[in-house]
Amino acid sequence: FDIIALSAFFGALALVLAALLLLRLGREFAPWASASRALEGLALAGALVIGATQQLAFQATIAKGGIYTLNLCLSFAVMLAALSARDELLQAPKGAAIPRVVWRDLSLGALAFGLGLANHWTSQVLLGPVVCILLAEPLWLRRPTWSLRDTRLAAATVALILLGLALYAYLPIRARLGAPLIWGPADNLKSLLWVFSRSQYAGVEANKTLAQFGVL
């Protein structure tokens with residue numbers, strides 16, 4: 001029950017983040033309507049449409065669904081951070097230093113991305129190139145100056161990704177504690193890589209033909 005309640009919480013939080021994300025996208029594509037109540041209403045309506053989908057409603061009411069509702073929260077958080085950093089970069093004078101607020105947004109996004117990699121890395125791998133494309137445009141247009149401070153902040157951002165991903169270090173500890181529910185005894189490097197690579201799904205997913213996926 002506790003885990004199902006957590007799934008529902010993450011599902012609700014994902015809708016809040018979805019509304020904020022849709023609002024930011026609306027302001028991106030319709031800047032003349034940035035203060036419009038209609039734009040806020042459309043963002044809220046879009047989030048409610050996501051909440052009304054059968055898939056999200058189902059995943060938010062089962063224990064395993066917590067994986068996916070949490071993943072949705074983290075993915076939306078990464079996108080929000082990337083778009084916020086992008087906006088700040090586009091507003092900065094050409095050739096100026098990278099604003100500190102950009103590094104703040106990138107740090108928060110990096111931590112969410114690292115946690116997403118620890119939670120469901122296959123979807124975050126797809127999200128990574130999208131974030132890079134979003135940030136490449138303003139960096140190319142503004143050509144900001146790069147300093148030693150930026151190198152340190154960039155290193156700290158990468159460290160936050162690794163910090164989130166470091167949750168995998170808990171698996172060997174959990175295996176040693178004799179937990180009743182684990183994917184496998186990840187108490188050595190080989191078995192840890194087996195879990196990380198999602199090899200437990202190999203017989204279920206990897207050998208299916210396109211027609212078999214359609215039936216599924």
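All of (1) farther than 18 Å from L17 by Cα; (2) part of a helix (DSSP H, G or I); (3) open to solvent by 20 Å² or more (accessible area, probe 1.4 Å) hold for S107 with one exception: (1).
Residue check: is L210 under 27 Å from the mean Cα position of the chain (by Cα), open to solvent by 50 Å² or more (accessible area, probe 1.4 Å) and either among the aromatic types (F, W, Y) or modelled with pLDDT under 85 (or both)? Judged against the criteria, L210 is not a match. Among residues of the stretch 85-102 being open to solvent by less than 20 Å² (accessible area, probe 1.4 Å) and either of a type in the set (V, I, T) or closer than 29 Å to A166 by Cβ (or both), the one that is farthest from the chain's Cα centre (by Cα) is I98. Scanning the stretch 138-164 for residues that are in a helix (DSSP H, G or I) and open to solvent by less than 50 Å² (accessible area, probe 1.4 Å) yields P138, D150, L153, A154, A156, T157, L160, I161, G164. Taking the conditions exactly as written (within 12 Å of the chain's Cα centre (by Cα), hydrophobic (A, V, I, L, M, F, W, C) and open to solvent by less than 40 Å² (accessible area, probe 1.4 Å)), does L127 satisfy them or not? The answer is yes for L127.
Which pairs have Cβ atoms under 9 Å, sit 6 or more apart or on different chains, and link a residue in the stretch 191-216 that is among the polar types (S, T, N, Q) and outside any helix (DSSP H, G or I) to one that is at pLDDT 75 or above and loosely packed, with under 10 Cβ neighbours inside 10 Å? Hits for this filter: zero, empty list.
Taken residue by residue, the stretch 26-34 has at least one member that is part of a helix (DSSP H, G or I), in contact with a helix residue (DSSP H, G or I) (Cβ under 8 Å, 6 or more places away or on another chain), over 22 Å from T122 (Cα atoms) and touching a residue at least 24 places away in the same chain (Cβ under 8 Å).
Scanning the stretch 48-61 for residues that are open to solvent by less than 50 Å² (accessible area, probe 1.4 Å) and in a loop (DSSP other than H, G, I, E, B) yields a total of 1. Can we say A118 is under 23 Å from the mean Cα position of the chain (by Cα), modelled with pLDDT of 80 or more, part of a helix (DSSP H, G or I) and surrounded by 11 or more Cβ atoms within 10 Å (Cβ to Cβ)? It is true that A118 is under 23 Å from the mean Cα position of the chain (by Cα), modelled with pLDDT of 80 or more, part of a helix (DSSP H, G or I) and surrounded by 11 or more Cβ atoms within 10 Å (Cβ to Cβ). For the residues L171, L135, the requirement of being surrounded by 13 or more Cβ atoms within 10 Å (Cβ to Cβ), under 30 Å from A85 (Cα atoms) and either modelled with pLDDT under 90 or hydrophobic (A, V, I, L, M, F, W, C) (or both) singles out L135.
The values are calculated or read from the model by the stated rules, or taken from the named source; none is laboratory data. This is a predicted model, so every value here is computed, not measured. Reconstructed Cβ throughout: ideal geometry from the backbone, glycine too, with neighbour counts over all protein chains shown. What goes into the accessible areas is simple: the full protein's heavy atoms, side chains included, and nothing from ligands, DNA or RNA. Shrake-Rupley method; radii C 1.70, N 1.55, O 1.52, S 1.80 Å.
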